[in-house]
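Colleague: Questions regarding the structure given below will be posed in turn.
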Amino acid sequence: MEALQPLLPLIIAMAVLFIIGILLYIGLRDDSGSDPLQERLEHYGVNDIEVDSLEEVELSVGFKDRVFLPFFNKIAELLSRVTPQRQLESMRRQLEQAGLTTDPTQFFLQRIIFTVVLGVAGMIVGFSLLKSELLQGLLWTIGGAAFGNYLPILLLRSKIRRRQEGIQKALPDALDLLVICVEAGLGFDQAMGKVYEKWDNELSLAFGRVLREIQLGKSRKVALKDMADRMDVPDVNSFVAAIIQAEQLGVSMGKILRVQSDQMRVKRRQRAQEKAQQAPVKMMFPMVLLIFPSMWVVLLGPALLQIMDSNISL
């Protein structure tokens, strides 16, 4: 027991880290993307299984759905009570911009779990693996916890950026299809439906959501504004503003879409030219750090070896 006493903090920390990792993996993982309630209804409806009691129905649900998900949802509910409403709304807006349906309180819970897990990992690295002093160990622990707290934000911002770039690239082609459909005699809503049917990207999914909201009773103006707010892309904002203005002033929708399509293509060409002009500057860093040193080794290496041999002989 005395021999194991120095390793006791390491064993406890590893056990806590393992348990938290299992809870994070099982509780927050959702690979199927399906509704558990719908699966249960289909199971009992198709197979015609007779249910004797409510307890049998509850036990038929998976362990994750019965234990872990209610536990995490309860913690998320407690977090929602102590989190400021403004912060929740800001996080909800960022999640919508990323195209996620995660609740803000669950996202805050994920940040807490990442903070604890990486904080414990930093403590293990600092105190057990590196055998650091107290101050250095605390720095490793605090650094790991800070990184774990900020890591979900970095991942979320990266997803928002990728989604906005995808929408920006797909918008000119979508406008071309809208112009063709409107000039062929379809209405604007039917043209958006064609974009939703033909393509499978973030912009087409946003058009499909706008159509569903219009079918549920929301006006086209409000639905388009909500779509622009969820994307936060300048090109989409100008497109939505032009569509709303054309609808209010009674301007031909085909002409507005044609002008918007031409403008978006000019903007895409300008962005491509801008990136092409930035390429030489970006290529300078790998050339200076990676290519030039290897060339110097190949060219000057034999000369340096000969100089070293001549000095040794002298």
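Colleague: Kindly indicate the residue of segment 174-203 that is assigned to a helix (DSSP H, G or I) and free of Cβ contacts under 8 Å to residues at least 12 places away in the same chain and also farthest from Arg258 (Cα to Cα) among those meeting that condition.
Modeller: Glu197
Colleague: Assess whether Ala223 counts as being out of contact with any Gly (no Cβ under 8 Å at 6 or more places or on another chain) and crowded, with 16+ Cβ neighbours inside 10 Å.
Modeller: Criteria met by Ala223.
Colleague: Please specify each residue of segment 107-142 satisfying the condition of being among the β-branched types (Val, Ile, Thr), touching a residue at least 40 places away in the same chain (Cβ under 8 Å) and under 30 Å from Ser90 (Cα atoms).
Modeller: Ile113, Val116, Val117, Val120
Colleague: Turning to a different aspect of this structure: Count, please, the residues in segment 94-126 that happen to be among the charged types (D, E, K, R), part of a helix (DSSP H, G or I) and within 23 Å of Arg209 (Cα to Cα).
Modeller: Going through segment 94-126 one residue at a time, the tally reaches 1.
Colleague: Same structure, new question: What tally of residues in segment 125-181 results from selecting those that are at pLDDT below 85 and surrounded by fewer than 14 Cβ atoms within 10 Å (Cβ to Cβ)?
Modeller: Within segment 125-181, residues that are at pLDDT below 85 and surrounded by fewer than 14 Cβ atoms within 10 Å (Cβ to Cβ) number 7.
Colleague: From the set of residues in segment 82-106 that are charged (D, E, K, R) and touching a residue at least 60 places away in the same chain (Cβ under 8 Å), which is nearest to Met231 (Cα to Cα)?
Modeller: The qualifying residue nearest to Met231 (Cα to Cα) is Glu96.
Colleague: Read through the list (1) at pLDDT 90 or above; (2) crowded, with 17+ Cβ neighbours inside 10 Å; (3) not polar (S, T, N, Q), then give the number of the only condition that Ile256 fails.
Modeller: The single condition Ile256 does not satisfy is (1).
The values are calculated or read from the model by the stated rules, or taken from the named source; none is laboratory data. Computed from a predicted structure; not experimentally measured. Reconstructed Cβ throughout: ideal geometry from the backbone, glycine too, with neighbour counts over all protein chains shown.
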